[in-house]
Each structure stands twice: as C-alpha cells, then as structure tokens.
Amino acid sequence: DDDFFTLGGNSLLATQVVSRLSVAMDARVPMRVLFEASSVQALSTWLESQATAGAHPPLVPRTRPEHIPLSYAQQRIWFLNRFDPHSPIYNIPFAVRLSGTMDTAALLAAIADVVDRHETLRTIYPESETGPHQVVVPAAEVSGAVESAAVTENELATRLLSMASAEFDVTTSVPVRAALFETADNEHVLAVVLHHICADGSSIAPLARDLMTAYTARTHGNPPAWSAPTVQYADYTLWQRELLGSDDDPDSLLTRQLTYWRSTLDGLPEQLELPGNRTPPAVTHRGRTHTFTIDTPTHRAAAELARQHTATVFMVLHTAFAIFLARTSGTADITIGTPVAGRGDP
C-alpha cells in the first residue's frame, strides 16, 4: 500500500520501473500509469486489467542491411553537422586527472579495446542517394585517434579547449578523439571528445567504466575479460525503425506520434516575447548558467505539494516555471523543452 513517490521515487526511477515491468510482462506499461497507480496494489490491479501484451518487438541483434539507417536522433544531429560542419556545439568533452605511475602503452591499448567494443565509436555516416547511413569501420582501421604530448600546466587549458572545439566531419571521420597530456612526472590528464551523433551525457559513465576496466587488465598484460554487448547501436536503429513503422502507414506508431505533436504544437509562437532590457540576437549558441538556492521551507513545501498530487518535485518546479513565463509574457501558450536520455528500454 506504500506510495512509490512517498518512499522517494522520482521520474527517473519511475522510468526504470515501467521499463522493467514492460520487459518482464511483455506488455506496454506507460509512464503515466505509475503516477496514477503508485502503490504495488494499485499497479498490479492496473496490470491485470489493462496491460496490452506484445507491446513491441524485442531489442535484439538484427540482420544488417547493406545500408544501415540512422536513428531519428542521429538524423537530426547529422543534418546539423552538415549544415554547419565547423561548429563544435555538439562535441561532448571530458577530462580526468591521473596521478601516479602511468603505463602509457596500457592506456593506449585500453582505448583501442573500448573503441573495438563499441561499434558506435568507430562508425561514420556517409551520404548516399537514399540519404545518410551507418558504416562501421573495422577496429584495426581506426588510427590516429589518440594524441600524446607533454605540456606545461599553463598550456593545458589552451590545449584542452582546442581539442574540445575542433570540428568533426561525421561523414568521413570516426566521432571520437582522445589525448593524453603529461603535465609533470606521474601527473597526466586524459581528455576525450565524443560527437553527439554517437553518445550523450549518459554515455560518459559506462565509457569511463569500460576504459578503466580495460586499462586495469592491460597493466597486467591481459586483454579485458568482458562479454560482448548484447546489442550495438546499429541494432537499436533497426529496432527503432521496426517499432515506429513508416509515416506512409496511417496506423503506425510514427504516424500517431507525428499527428499528436503537430496538433499539440500547432500555432505555437516562434519566440516567447518576454520583457527585457535589451534585444537578444537571433542565434548565438552562447549561454550562461545562473545558480541560486531554494531555501529549506520552500523545498519542503514543494515536496509536500508534489506528494499531495502524486507528482514529483521536478513537476512542481516545472509548473511554477510555466506559470512564471505565462504571466511575464501575457500568453498561456507555453512550451518548455526538457532534455531526456530517451532510454525507455533496458
């Protein structure tokens, strides 16, 4: 009888719950259900009466066609890369300091191990008469991806910035580069830059884990003893196409989703007119983070309001933000974008 959200559940955990339920029961369990039936008893009642079996095809390795299509997310990133191939705004950089004795040969081997393990790190996206497609490059042919150099601490920031902002041409080059900078004896910085066409923010943690696993093995003179991934990203793209269907089919999931969003966003103003002390430029790709603190009483009140309405604190703050924008703009047609990882399946 306990409420999922009262026990500390949030929308991220709810995503995991409905994902695991969908797989375990081979049924489609929408996220909304957990908010409307947020106890085990209520959820089981809904599952018994309303769950639809055979929700979608299983995500398993697929037979690869001659031209592997891009996922819909990749299509958007590919178009933006071709529209402005010199822009670094879809580069994902990260860097870690490493103190102690460095086995450079082992690290370089570990990077090669990870690139070999994940096809998406060695995939290029050339264009053909039918549009862009994926070409997985053999690991042995991926070369020149790792730079090694000695730099001073004063030079480090400049080198990292240069590396992070260098362009990727996703039609001809693999979407990853790495460098190992030695700043002093037993002091190094490992920098990695990924293009968004092959990764996102949630990809960094598993990438780092695999890299450390491989490095540890290589320092002992062994290749990493890991099992191959269950599926590769190319398998996912083929699965996604099968799941969503064609926009030529009026009954396909893709058509239904497109119809929903065209209706929902119909008439949306191109720009929300907000009062300001200056006129912003049209496009800058520049931004700034403003940090502030919500005091304890306000946070407790938001949490209590969320509990009363079977919601999350995020949803309360999202609603408050929408109301603020509506009042300051004088319109009720408010659209707020929220980044999500899009991982609805395990």
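Every number in this text was worked out from the coordinates using simple rules, so none of it is lab data. Please read all numbers here as calculations on a predicted model, not as lab measurements. Cβ placement follows ideal geometry from the backbone for every residue including glycine, while neighbour counts extend to all protein chains displayed.
Remarks
- Amide hydrogen neighbours beyond the local backbone of residue 90, cut-off 5 Å, H modeled: none
- Kirkwood hydrodynamic radius (C-alpha pairs) into Stokes-Einstein, the chain, 37 °C and 0.692 mPa s, D in µm²/s: 137 µm²/s
- In the chain, the DSSP beta bridges split such that about 85 percent are antiparallel, to the nearest 5.
- Dividing the helix sum by the residues of the chain, where each DSSP H run of 4 or more adds -39500 (n - 2.57), gives a mean residue ellipticity at 222 nm of -13000 deg cm²/dmol.
- Sorted by Cβ neighbour density within 10 Å, fewest at the top, the residues 98, 7: 7, 98
- Hull-based mean projected area of segment 45-193, where the convex hull spans the alpha carbons, in square nanometres: 13.9 nm²
- Loop-resident sites, segment 249-346, for chymotrypsin sites (Phe, Trp or Tyr not before Pro), counting at most 13 other Cβ within 10 Å (DSSP): 292
- 19 Å tail of the calculated P(r), segment 144-218, as % of Cα pairs: 44 percent
- Area projected by the alpha carbon convex hull of segment 266-307, averaged over all directions, nm²: 6.2 nm²
- Evaluated at q = 0.10, 0.12, 0.13, 0.21 Å⁻¹: base-10 log I(q)/I(0), Debye formula over Cα of segment 218-346: -0.68, -0.89, -0.98, -1.32
- Among 92, 336, 204, the residue with the largest mean-square fluctuation in a Gaussian network model of the chain, with springs joining Cα atoms closer than 10 Å, is 336.
- In this rough spin-label picture, where each label sits 7 Å from Cα along the Cβ direction, the residue 72-residue 16 distance is 2.7 nm.
- Among 279, 104, 120: highest mean-square fluctuation, GNM of the chain, C-alpha pairs under 10 Å: 279
- One decimal place: the segment residue 286-residue 266 gains 4.4 nm when fully extended, by the rule 0.36 nm per residue minus the C-alpha distance.
- Between 186, 91, 81, the GNM of the chain built on Cα springs shorter than 10 angstrom shows 186 fluctuating the most.
- Here the Karplus relation 6.51 cos²θ - 1.76 cosθ + 1.60, evaluated at θ = phi - 60°, turns the backbone of segment 118-130 into coupling constants of 10, 4, 4, 6, 10, 10, 10, 10, x, 9, 10, 4, 9 Hz, with x for every Gly and Pro.
- Span per principal axis, largest first, for the Cα atoms of segment 11-53 (Å): 24, 19, 14
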